[in-house]
Structure formats: structure tokens, C-alpha cells
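Remarks on the structure that follows.
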Amino acid sequence: EGDPKLRNLRRDPRCVFLVFEAAPPFHGLEVRGEAELVDRDVAAARADIAGRYLGAEAGVRFAAERTKPGVLVRLTAKPREWDLGAMIPS
């Protein structure tokens, strides 16, 4: 619980998750909402997430190597997206 981000989310759960391209056509996605901190064993979630990128077996190994406790952050939100490509001259 020494993590400043977790302390701040417990105090004020409003947050923004932002993903964008830094090169044309500059697509992006912004998700604003309230974070729910889910305190539970995160090993299965770690394995699932890692498995998407590493494959199922490697994902399980990756999760097993992580022994530090974790917290899942669930963001319930209303997504917004934008495309600045139309504003940039070709």
C-alpha cells in the first residue's frame, strides 16, 4: 500500500486512461471513469494478461515468477476516441 497511485485512487477514484499514436494519423482513445480497486490474488489475472502477449504457457510462467502482491484496477468508463488525421494537410 505504499504506492502513491493506489493511495490517490483510494482517496479519489476518478481517473483517465489514454492511448494514442504519436505519429500521423494521430488516432487516440481516452477513457475517463471511476477506478475500482480489487484486492485479491492477482496471479490468474497476470497469467491471463501475459498469456495474450506471450502465449498461454509463457504467461503462466511469467505470472509465477512475480511474487510481489498486486491490486487489480477495474475502470468503468465511457470511451471517447478521436482522429486528427483529417485536420493535418497531406
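Since every read-out is calculated from the coordinates, none of them should be taken as a lab result. Quantities reported herein were computed from a predicted structural model and do not represent experimental measurements. A quick note on method: Cβ atoms are made from the backbone with ideal geometry, for glycine too, and the neighbour counts reach across all protein chains shown.
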In order through the stretch 39-53: 3J(HN,Hα) via Karplus (6.51 cos²θ - 1.76 cosθ + 1.60), integer Hz, x for Gly, Pro: 7, 6, 4, 9, 4, 5, 5, 4, 5, 4, 5, 5, x, 5, 9
Mean residue ellipticity (222 nm) of the chain, computed from DSSP H runs ≥ 4 via -39,500 (n - 2.57), nearest 500: -10000 deg cm²/dmol
Label zone at Ala77, where the point sits 7 Å out along the Cα-to-Cβ direction: the stretch 9-25 residues whose backbone N lies under 13 Å: 14-20
Amide hydrogen neighbours beyond the local backbone of Ala77, cut-off 5 Å, H modeled: none
